[in-house]
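Remarks on the structure that follows.
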Amino acid sequence: MTPLISCIVPVFNGEATVLEAVASIRAQTYDRIEIVVVDDGSTDRTSALVRGLGADVRYVWQANAGPIAARNTGIRSSSGDFLAFLDADDRWHREKLARQWARFVEQPALDVCLTLLQNYWVEELRDEADLMRNHFRSQPIRGYSSVALLAPRALFDRVGFYDETLKHGGDADWFARVEESGATVEVVEEVLVYRRLHSGNRSRQWSDRSQEEILRLMKTIVTRRRGEAG
């Protein structure tokens, strides 16, 4: 029997996009899934919209603590043997989970499967999209990001959950710990995740703080690895 995959959606004030995100999970050709939407203290219509989706969507509320904490809440609230994450403003290709699971079937020692992801700009940012047409951000990107991830729950037990003290570098820190653990990682060279770029993106709103935190995190990782090597 194929394993149950828990699909975790952290959301904060996502009334404009969360239904589309959940619809892309429901459309998956892989059929053993559970959907867990973690509402990070939304003040808009997110709660009403998600609660109205039906019994196949589990709604979990938490006081506002940020998307990294919401992912961890989702892990604790889920029951699947495998975990996948989708931000409420992004969407998946309908074959994402099926094609990733196929890699685990072919390689039993695999620990993490990622995909390519494609950025796309909303209409209000058309001018920016035109400027970035030939930039690497407009091309398919190897998705070292939670939204492109499929991994067994046991891996999180081994390397730990996301670090909630980090506001922007949660993915970078977690993947660094995965690498240090010696886990086997594979990237499916297909675009199976579509990441929406809009004026409300957290990375855009807090770009200066994000860069500062990532720089501090990189220094911490380098220091840790030097200590382990010594």
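For the stretch 155-171, a tally of residues being closer than 22 Å to residue 183 by Cα, surrounded by 16 or more Cβ atoms within 10 Å (Cβ to Cβ), of a type outside the set (A, V, I, L, M, F, W, C) and in contact with a Ser or Thr (Cβ under 7 Å, 6 or more places away or on another chain) returns 1. Residue count for the stretch 175-190, restricted to those that are surrounded by fewer than 15 Cβ atoms within 10 Å (Cβ to Cβ) and touching an Asp or Glu at 6+ places or on another chain (Cβ under 6 Å): 1. Taken over the stretch 76-98, the residue count meeting the criterion of being surrounded by fewer than 19 Cβ atoms within 10 Å (Cβ to Cβ) and either within 19 Å of residue 21 (Cβ to Cβ) or of a type in the set (Phe, Trp, Tyr) (or both) is 4.
Every residue, every condition in (1) part of a loop (DSSP other than H, G, I, E, B); (2) at positive phi; (3) among the aliphatic types (A, V, I, L, M), yes or no:
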site: 22; (1), (2), (3): no, no, yes
site: 41; (1), (2), (3): yes, yes, no
site: 48; (1), (2), (3): no, no, yes
site: 65; (1), (2), (3): yes, no, yes
site: 74; (1), (2), (3): no, no, no
site: 87; (1), (2), (3): yes, no, no
site: 94; (1), (2), (3): yes, no, no
site: 100; (1), (2), (3): no, no, no
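Within the stretch 21-75, the set of residues being charged (D, E, K, R), within 30 Å of residue 105 (Cβ to Cβ) and surrounded by 20 or more Cβ atoms within 10 Å (Cβ to Cβ) comprises 71 only.
A short reminder: the numbers here are calculations on the coordinates, not readings from a lab. Not measured: the values here are computed from a predicted model. As a convention, Cβ positions derive from the backbone with ideal geometry for all residues, glycine included, and neighbour counts pool all protein chains shown.
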